[in-house]
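Worksheet: the structure to be examined is printed underneath.
The values are calculated or read from the model by the stated rules, or taken from the named source; none is laboratory data. Source: prediction; values computed, not measured. No Cβ is skipped: glycine too gets one built from the backbone with ideal geometry, and neighbour counts run over all protein chains shown. Surface accessibility is based on the protein's heavy atoms, side chains included, excluding ligands, DNA and RNA. Shrake-Rupley method; radii C 1.70, N 1.55, O 1.52, S 1.80 Å.
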Amino acid sequence: MRGVTVVFDLDGTMVDTAPDLMAALDHLLVKLGLPPSDPEVVLPEVGHGARAMIDRAIHALGHKVDPADLDPMVEDFIAYYRDNIAVKSRPFPGFEIEIAWLAREGARLAVCTNKREDLAWKLLTELKLDSYFHAVLGGDTLAVRKPHPGHLLATIEAADGDATKAVMVGDSAADIDAARAAGVPSIAVDFGYSGEPVSALKPDAIIHHFRELRVAVHTVLNKR
């Protein structure tokens, strides 16, 4: 695996963050006098960030959101989430075993997420995963973010990797579209938060459990 860079999305790919994200969202909705949100409606928006989650939740409850009101809502959401970021969030089964193996084999590991960079680092640190990664770029790190290919390519560069020997692992259209636009092969996990079957996103490979990751990485790179 030396010379290979494996870039991961965070929410819904590496870590099941849904419980803590939904708790933060429901905290905000209660303050607004609204009922709790439906995870099936909101979780597909996780890959687009907190603003998209909040907007979707409120619209699903039959209310309109003034764009000017979204900024303070996002800050309220973030403040609560930051203080409760790893209460119930846990890596998906097998993830820690696989990244430890990838690291031992010499792969460079990175995170490309639309989560704020400081929150991404905080979550990784609290889950004791931070030491594995050579770079973490959030949705606020650059002027662009997924599905823009520049976000992924900059992540690979920050990890001192080579885009011609890189793989993107994600769970949503934002991940797969960014990889495709960047010319990087993609692996989709089918246990994340996508609102549609990941097969419809046409990734280069699909895994059902992280025990399948190392074979999938070799397969997509050999195809390239």
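Numerical summary
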{"read-out": "Selected residue (criterion: nearest to Glu126 (Cα to Cα)) from residues of the range 64-89 that are among the small types (Gly, Ala, Ser) and either touching a His at 6+ places or on another chain (Cβ under 9 Å) or not in a loop (DSSP other than H, G, I, E, B) (or both)", "value": "Ala79"}
{"read-out": "Selection from the range 127-169 of residues that are of a type in the set (Val, Ile, Thr), touching a helix residue (DSSP H, G or I) at 6+ places or on another chain (Cβ under 7 Å) and more than 23 Å from Phe191 (Cα to Cα)", "value": "Thr141, Val144, Ile156"}
{"read-out": "From the options Glu75, Glu105, Glu98, residue that is among the acidic types (Asp, Glu), open to solvent by 70 Å² or more (accessible area, probe 1.4 Å), out of contact with any Asp or Glu (no Cβ under 8 Å at 6 or more places or on another chain) and touching a residue at least 40 places away in the same chain (Cβ under 8 Å)", "value": "Glu105"}
{"read-out": "Hey, Ala60 open to solvent by less than 70 Å² (accessible area, probe 1.4 Å), farther than 30 Å from Asp160 by Cβ and over 19 Å from the mean Cα position of the chain (by Cα) or not", "value": "yes"}
{"read-out": "Where a residue in the range 158-169 is closer than 7 Å to Thr5 by Cβ and its partner, wherever it lies, is open to solvent by 30 Å² or more (accessible area, probe 1.4 Å) and part of a strand (DSSP E or B), with Cβ under 8 Å and at least six apart", "value": "Ala159/Arg108; Gly161/Arg108"}
{"read-out": "Out of Val144, Val184, sole residue that is in contact (Cβ under 8 Å) with a residue 24 or more places away in the chain, over 28 Å from Pro39 (Cβ atoms) and in a loop (DSSP other than H, G, I, E, B)", "value": "Val184"}
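A quick yes/no check of all residues on (1) more than 18 Å from Ser194 (Cα to Cα); (2) surrounded by fewer than 16 Cβ atoms within 10 Å (Cβ to Cβ); (3) touching a helix residue (DSSP H, G or I) at 6+ places or on another chain (Cβ under 9 Å):
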residue	(1), (2), (3)
His27	yes, no, yes
Gly49	no, no, yes
Tyr80	yes, no, yes
Val87	yes, yes, yes
